[in-house]
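Novice: Quick one: the structure is below, and I'll ask about it shortly.
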Amino acid sequence: MRDHRSMDRVAARVILWSLLAAGGLAPEAAAGALRDPFTFGPRTEEIEQAVVVGVLWDATHPLAIIGEEPVAVGDTVSGGWRIAEIRQDGIVLQRGGVREFVRLGQPLPD
């Protein structure tokens, strides 16, 4: 039985594929950048396009889209930043004792 977090990521992947297909990019073309939806736990690999593209808001299990990848609280993204919080208008990153807010459409800090 899957937990809610992994099911949310699968749902985010379906939404992302739908958006890509609507823009003329078939899901198969983007499949190389997609992560295995059956891999559980926080991520540690770096995401190539480090721009906050969107937020899939849910009060208990929010997800953010960075580049073409859905991420959740606790995931690690480029530059060693950890997703500390996901808000409706962006994400809060944390590295060491430093926290930084990144709005939708903005690149991640170095």
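Where a number appears in this text, it was derived from the coordinates with a stated rule and is not lab data. In this text, all values refer to a predicted model and were calculated from it rather than measured experimentally. Cβ: placed from backbone, ideal geometry, glycine included. Neighbour counts: every protein chain shown.
Novice: Under the Karplus relation 6.51 cos²θ - 1.76 cosθ + 1.60, θ = phi - 60°, what is the ordered set of whole-Hz ³J(HN,Hα) values for the stretch 93-110, x standing for Gly and Pro?
Specialist: Values, residue by residue: 9, 9, 9, x, x, 9, 10, 9, 8, 10, 6, 3, x, 9, x, 6, x, 6 Hz.
Novice: Points 7 angstrom from Cα along the Cβ direction at Asp58 and Val14: gap in nanometres?
Specialist: 1.1 nm
Novice: Using 0.36 nm times the number of residues separating Gln94 and Gln106, minus their current alpha carbon distance, what extension gain do you get? Could the numbers behind the result be given before it?
Specialist: On the way: separation 12, 0.36 × 12 = 4.32 nm, distance 1.61 nm.
The Gln94-Gln106 span can extend by a further 2.7 nm.
Novice: Now for a separate question. Order the peptides 95-102, 81-88 from the highest to the lowest mean number of other Cβ atoms within 10 Å of their residues.
Specialist: Ranked from most to least packed, the peptides come out as 81-88, 95-102.
Novice: Using modelled backbone amide H atoms (1.01 Å from N, in-plane), which distant-in-sequence or interchain residues come within less than 5 Å of Val53's amide H?
Specialist: Counting only residues 5 or more places away or on other chains, the set is Ile65, Ile66, Gly67, Gly105.
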